[in-house]
1. Would you mind telling me which numbered condition in (1) open to solvent by 50 Å² or more (accessible area, probe 1.4 Å); (2) of a type in the set (Val, Ile, Thr); (3) without any contact (Cβ under 8 Å) to a residue 24 or more places away in the chain Val62 fails?
2. Looking only at the stretch 262-282, count how many residues are open to solvent by 30 Å² or more (accessible area, probe 1.4 Å), in a helix (DSSP H, G or I) and of a type in the set (Gly, Ala, Ser).
3. From the residues in the stretch 125-182 that are charged (D, E, K, R) and within 30 Å of Asp220 (Cα to Cα), which one is farthest from the chain's Cα centre (by Cα)?
4. Please go through the stretch 96-107 and give me each residue that is of a type outside the set (D, E, K, R) and surrounded by 20 or more Cβ atoms within 10 Å (Cβ to Cβ), ordered by number.
5. Here are the criteria: (1) open to solvent by 50 Å² or more (accessible area, probe 1.4 Å); (2) of a type in the set (A, V, I, L, M, F, W, C); (3) more than 30 Å from the chain's Cα centre (by Cα). Tell me which single one Ile219 does not satisfy.
6. All but one of (1) surrounded by 13 or more Cβ atoms within 10 Å (Cβ to Cβ); (2) hydroxyl-bearing (Ser, Thr, Tyr); (3) at pLDDT below 90 hold for Ser328, so report the exception by its number.
7. Could you list, in sequence order, the residues of the stretch 303-318 that are more than 33 Å from the chain's Cα centre (by Cα), surrounded by fewer than 16 Cβ atoms within 10 Å (Cβ to Cβ) and in a helix (DSSP H, G or I)?
Amino acid sequence: MEENPDGSVVSTLLRPSSKLIGTRQQFSSDFEAGSCGVIRLSDDLFVLNTNVSFTKGALAAVTGQDFIELHFRLSGRLSLYPEIPGNETVDVDKGALLVWRQPEGMNVMERLEANEPESSMTIYLRPSALERYFGDYTATLPSAVATGLAPQGNGLFFLRMACYPKLIELVRELWSLGIETGRDLVRGEALVMMVLCEIMSMLEDAHNDSTNICRLSDIDVRCLRKAREHICSQYTPPPTIDELAKAVGLSATKLKSGFKALFGKSISQFANELRMQHALDLLRKSDNSILFVAEALGYEYQNSFTVAFRRHFKILPKDYKRDPLILSHRR
């Protein structure tokens, strides 16, 4: 680690075929104050963490460099104004992810709000980085997303998505990571890979309309958490989508899309995992027959439970009942 006269900190890890670089700097002027940090993993992949506040509002021009940008808003709001006829303002609120690709040379105006602390993390990468880690990454993406993120860009592309807790936790850990040692830089590299894996999974399920907004209000989030609590208290069997939507005051469409965006799992996946974990608890008790467990979980037929259990755990209920450690042997 090296401290420079201007107060910036630089840390470098040399490896046989690559080099990791981390920098951190505090800054202050009449217009802005805050800090920023960069972790450079390669020429085509780096991370920028910022925490800044502006003394007065302004519009700033941002010139595109054809990076794929994965922007996470941790506090404050990002507002972008593409100077292209027919393109709307792009707003990104706290807790949201913006997947953004701005062609080289294209100008976009960014609104800077006065006296409103803004914290964000952005992963900048070229298509070559995605190819290096994921091969033909466009093959599994919806067509509009694949076109927007392909090696040869096709104009301005953006997709706004709500983040679920697991992804937010990874982002916050990466945002707050120190750069004092080589181990810190390696940890940062590992976190970037985990974040990229989560985002690629989200993009595979993304709507084909690249301007689709997955926006959740505070009320929506409260209703979705209420839905999760409702499922946790009733999953043997779980309620239907229509029953759940009526109970929490959301449309079925908003309930399904919002639940997946916020919690990272569909309602059926979440309910089935609860159901299967409860099945394990019941099977561990020697006096519970498989028929009893099936009925307790709300299955009309024992065979239906057996099929569901095998599909989830890749073993039969009778095998788990005979040896509860069998699952740990398989992991």
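The values are calculated or read from the model by the stated rules, or taken from the named source; none is laboratory data. The shown structure was predicted, so the numbers you read here are calculated from the model rather than taken from an experiment. Note that we place each Cβ from the backbone using ideal geometry, even for glycine, and neighbour counts take in every protein chain shown. Calculation scope for accessible area: heavy atoms of the full protein, side chains included, ligands and nucleic acids excluded. Shrake-Rupley method; radii C 1.70, N 1.55, O 1.52, S 1.80 Å.
1. Evaluating Val62 over (1) open to solvent by 50 Å² or more (accessible area, probe 1.4 Å); (2) of a type in the set (Val, Ile, Thr); (3) without any contact (Cβ under 8 Å) to a residue 24 or more places away in the chain leaves (3) as the failure.
2. Result for the stretch 262-282: 1.
3. Glu173
4. Of everything in the stretch 96-107, those that are of a type outside the set (D, E, K, R) and surrounded by 20 or more Cβ atoms within 10 Å (Cβ to Cβ) turn out to be Ala96, Leu97, Leu98, Val99, Trp100, Gln102.
5. Evaluating Ile219 over (1) open to solvent by 50 Å² or more (accessible area, probe 1.4 Å); (2) of a type in the set (A, V, I, L, M, F, W, C); (3) more than 30 Å from the chain's Cα centre (by Cα) leaves (3) as the failure.
6. For Ser328, the failing item is (1).
7. Quick first cut of the stretch 303-318, residues more than 33 Å from the chain's Cα centre (by Cα) only: 303-304, 306, 316-318.
Checking which are surrounded by fewer than 16 Cβ atoms within 10 Å (Cβ to Cβ) leaves us with 303-304, 316, 318.
Passing the criteria: Asn303, Ser304, Lys318.
Matching residues to (1) within 17 Å of Met200 (Cα to Cα); (2) out of contact with any strand residue (DSSP E or B) (no Cβ under 6 Å at 6 or more places or on another chain); (3) part of a helix (DSSP H, G or I):
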site	(1), (2), (3)
Leu98	yes, no, no
Pro103	no, yes, no
Ala144	yes, yes, yes
Pro151	yes, yes, no
Lys166	yes, yes, yes
